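Colleague: I'd like to ask you about the structure that follows.
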Amino acid sequence: MNLKKRCILFLMMDLLVAGILYTQIRAEHREENRNQNVMAAANIKESDRKGRICLTFDDGPSPVYTKQLLDGLAERGVVATFFVTGKNVDLYPKIIKRMQDEGHLIGNHTYHHTQLTAVNADSFETEITRTNASIRKVTGEETIFIRPPYGSWDKKYEKKLNMFPVLWTIDPLDWCSTDADCVARKVVTKVRENDIILLHDCYDSSVKAAFLIVDELKKQGYEFVTVDEILFD
């Protein structure tokens, strides 16, 4: 077997092992999170359960607001999905590691929050791979989920980079409002089972809105999960 074939074989084996490890790790995190929610779930009658939903946060991590958000989510026994920019991963690796340790899912949001256009395909691919490398350096895990900035995407990257795009079903436009009550109201009045809610963890009002959303929807019987549970279960 020549060198090229051996390299391809080793690469395929590495990808297979990475996929198996990712599945095992996510299963362990999922079980831990479910155990944390047992006491709260026991207070909700089975007939009152509304189903699963997902909170997602873009653009972070923020050295101030993401920490506040993680504190509040931990107090409430809730997990979320964070689509992080590579430059912020490199700046705040301890926050990324905390996300991982507390059972949150970490996804790619490009390195510089770059939108895909007709003229930047090559640089956009580099933005993705560079961010994956930054996340892997901190967590030791492969990243397979991406939220493309502004929702601009090309399906060719799904096979080429083994990435799954994650968009959203509810966008309260939290980035253009400082009224946390208003942002939360836009979500809780529209939410349905399996919704994916778009928020940002770089604004004080968005963090406050997230807590209002969690508190209200938990009362209604919703369970908060990470996006892989909604997309793949």
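The values are calculated or read from the model by the stated rules, or taken from the named source; none is laboratory data. Just so it is clear, the model here is predicted, and its values are computed rather than measured. Here the Cβ positions follow ideal geometry from the backbone for every residue, glycine too, while neighbour counts run over all protein chains shown. Just the protein is used for accessible areas: all its heavy atoms, side chains included, with ligands, DNA and RNA removed. Shrake-Rupley method; radii C 1.70, N 1.55, O 1.52, S 1.80 Å.
Colleague: Just to check I understand the Karplus step: with θ = phi - 60° and J = 6.51 cos²θ - 1.76 cosθ + 1.60, what whole-Hz values come out for the range 165-179, glycine and proline as x?
Modeller: Each residue of the range 165-179 in turn: x, 10, 9, 7, 10, 10, 10, x, 6, 5, 5, 10, 9, 9, 9 Hz.
Colleague: Counting only residues 5 or more places away or on other chains, whose amide H sits under 5 Å from the amide H of residue 200 once H atoms are built in the peptide plane?
Modeller: 58
Colleague: Follow-up question, since we're still on this one. What are the residues whose amide H is under 5 Å from the amide H of residue 51, where those residues sit 5 or more places off or on another chain and H is modelled from the backbone?
Modeller: 223
Colleague: Looking at the range 125-233, which trypsin sites (Lys or Arg not before Pro) are in a loop (DSSP not H, G, I, E or B) and have at most 13 other Cβ atoms within 10 Å?
Modeller: For trypsin sites (Lys or Arg not before Pro) across the range 125-233 that sit outside H, G, I, E and B with at most 13 neighbouring Cβ atoms in 10 Å, the list reads 155, 190, 192.
Colleague: So, one more: Computing the accessible area with a 1.4 Å probe over protein heavy atoms, can you report the carbon and sulfur percentage for the range 128-233?
Modeller: The computed percentage sits at 50.
Colleague: Sorted from largest down, give the three principal axis spans of the alpha carbons of the range 119-219, whole angstrom values.
Modeller: If we take the Cα atoms of the range 119-219, the spans are 41, 28, 26 Å.
Colleague: Can you run phi through the Karplus equation (6.51, -1.76, 1.60; θ = phi - 60°) for the range 64-80 and list ³J(HN,Hα) in whole Hz, with x for Gly and Pro?
Modeller: Using θ = phi - 60°, the values come out as 10, 6, 5, 4, 4, 5, 4, 4, x, 5, 5, 4, 9, x, 10, 10, 9 Hz.
Colleague: Next up: Tally Lys and Arg at +1 and Asp and Glu at -1 over the other residues with C-beta under 15 Å from the C-beta of residue 119: what net charge comes out?
Modeller: On the way: positive: none; negative: 122, 125, 127, 154.
Net of charged neighbours comes to -4.
Colleague: Next question, about the same structure. Using θ = phi - 60° and the Karplus curve 6.51 cos²θ - 1.76 cosθ + 1.60, what whole-Hz ³J(HN,Hα) does each residue of the range 183-191 get, with Gly and Pro shown as x?
Modeller: Here the 3J(HN,Hα) series is 4, 4, 5, 4, 7, 5, 7, 10, 5 Hz.
Colleague: Counting C-alpha atoms alone, how compact is the range 55-111: give Rg to one decimal and Dmax as a whole number, in angstrom.
Modeller: Radius of gyration, then largest Cα-Cα span, for the range 55-111: 10.1, 30 Å.
Colleague: Please compute the modelled spin-label separation between residue 215 and residue 175, points set 7 Å along Cα→Cβ, answer in nm with one decimal.
Modeller: 2.7 nm
Colleague: Give me the net charge of residue 87's neighbourhood, meaning all other residues with Cβ under 11 Å from the Cβ of residue 87; Lys, Arg count +1, Asp, Glu -1.
Modeller: Summing Lys and Arg as +1 and Asp and Glu as -1 gives -2.
Colleague: Using packing as a proxy for protection, rank 194-204, 76-86 so that the peptide with the highest average count of other Cβ atoms within 10 Å comes first.
Modeller: Put in order of decreasing packing, that is 76-86, 194-204.
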